[in-house]
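A short worksheet on the structure shown next.
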Amino acid sequence: MPTDLFDLTGKTALVSGASRGIGEEIAKLLAQQGAHVIVSSRKIDDCTAVAEGIREAGGSAEPVACNVGDMDQIMALFAHIHEAYGKLDICVNNAAANPYFGHVLDTDLGAFNKTVEVNIRGYFFMSIEAGKLMRDHGGGAIVNTASVNALQPGPMQGIYSMTKAAVVNMTKVFAKECGPLGIRCNALLPGLTKTKFAGALFTNDDIYQMAIQGIPMGRHAEPEEMAGTVLYLVSDASSFTNGECIVVDGGMTV
């Protein structure tokens, strides 16, 4: 049931990487607040399971498969959104790739290209296509999921950390140029969060202890702790200016 403060009734939202983890929790919460959510990820079966769960809980959702590392799939996704809805109010770029975990000197070209294609190029063109729809229909909100690794590189996560730093600056670029069009652009920087995506950090205790050092609350976060910040950023109640990058570290907003 939506609350008056964060009521998203009548809004159409796209969440990429929404088949599990942080993206799934964001999709569920936006739907709970009244938005129609386009649940997107690489595999349609996984998207369908999340969308069905949202509908069973009384929300509105549609699964649409899209690999944001593939330009043709991005264009097909937005062609569908334009035809089916004619607008987009909210875009949450949450899909990400982290195919390599190890010493930076051992990074190969394949891992480099895949990480850049999804984390930088994918976010960039998803934001462009979302921004065009928002520009033509009175504005909207874009949120990019970056990482605290953008501020301080994570252990054994060199190329991933570099791309997330790029996402932060990309957000500021879109904020500056799209703000006058009524489009708010902000970034979420999750700290250590227990997801399947971050599994390598939780299976090695030495790496986990290294990663958790310096987290204000001395613990990792859960995916649902990220969703509330995104809801605030995309709602009309948000007082954040364009380009704000919100760190959520160990369950605490910094």
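The values are calculated or read from the model by the stated rules, or taken from the named source; none is laboratory data. Here the structure is a predicted model, which means the values were calculated and not measured. A quick note on method: Cβ atoms are made from the backbone with ideal geometry, for glycine too, and the neighbour counts reach across all protein chains shown.
For the stretch 158-199, residues that are in contact with a helix residue (DSSP H, G or I) (Cβ under 9 Å, 6 or more places away or on another chain) and at pLDDT below 90 total 10. Scanning the stretch 72-109 for residues that are modelled with pLDDT of 95 or more and in contact with a Phe, Trp or Tyr (Cβ under 7 Å, 6 or more places away or on another chain), we see that the one that is farthest from Tyr160 (Cα to Cα) is Ile74. What pairs come out if I take residues in the stretch 65-80 that are without any contact (Cβ under 8 Å) to a residue 24 or more places away in the chain and exposed (fewer than 15 other Cβ atoms within 10 Å of the Cβ) and pair them with residues that are aliphatic (A, V, I, L, M) and not in a loop (DSSP other than H, G, I, E, B) whose C-beta lies under 8 Å away, six or more apart or interchain? Note: pairs meeting the criteria are His80/Val64. Annotation: of all residues in the stretch 97-133 being touching a Lys or Arg at 6+ places or on another chain (Cβ under 8 Å) and touching a residue at least 24 places away in the same chain (Cβ under 8 Å), the one that is surrounded by the most Cβ atoms within 10 Å (Cβ to Cβ) is Asn119.
What is the number of the single condition among (1) modelled with pLDDT under 95; (2) assigned to a helix (DSSP H, G or I); (3) surrounded by fewer than 18 Cβ atoms within 10 Å (Cβ to Cβ) that Gly138 does not meet? Here Gly138 clears every test but (2).
Taking the listed residues Arg20, Arg55, the one that is at pLDDT 95 or above and basic (Lys, Arg) is Arg55, with no other qualifying. Which residues, taken from the stretch 225-250, are under 17 Å from the mean Cα position of the chain (by Cα) and either at pLDDT below 80 or at positive phi (or both)? Answer for the stretch 225-250, where residues must be under 17 Å from the mean Cα position of the chain (by Cα) and either at pLDDT below 80 or at positive phi (or both): Asn242, Gly243, Glu244, Cys245, Ile246, Val247, Val248, Asp249. If the condition is being part of a loop (DSSP other than H, G, I, E, B) and on the phi < 0 side of the Ramachandran plot, then the stretch 2-14 contributes Pro2, Thr3, Asp4, Leu5, Phe6, Asp7, Leu8, Thr9, Lys11. With the structure loaded, tell me whether Ser60 is polar (S, T, N, Q), within 15 Å of the chain's Cα centre (by Cα) and under 23 Å from Leu133 (Cα atoms) or whether it fails that test. So Ser60 does not fit the description; no. For the criterion of being modelled with pLDDT under 95 and under 22 Å from Glu244 (Cα atoms), Ala130 fails. Which of the following residues is modelled with pLDDT of 95 or more and out of contact with any helix residue (DSSP H, G or I) (no Cβ under 9 Å at 6 or more places or on another chain): Asp45, Asp7? Asp45 is the lone residue from the list that is modelled with pLDDT of 95 or more and out of contact with any helix residue (DSSP H, G or I) (no Cβ under 9 Å at 6 or more places or on another chain). Does Glu24 satisfy the condition of being more than 21 Å from Met134 (Cα to Cα) and surrounded by fewer than 23 Cβ atoms within 10 Å (Cβ to Cβ)? When the stated conditions are applied, Glu24 does not pass them. Do we find that Asn98 is closer than 25 Å to Gly131 by Cβ and not hydrophobic (A, V, I, L, M, F, W, C) in this structure? No: the conditions fail for Asn98.
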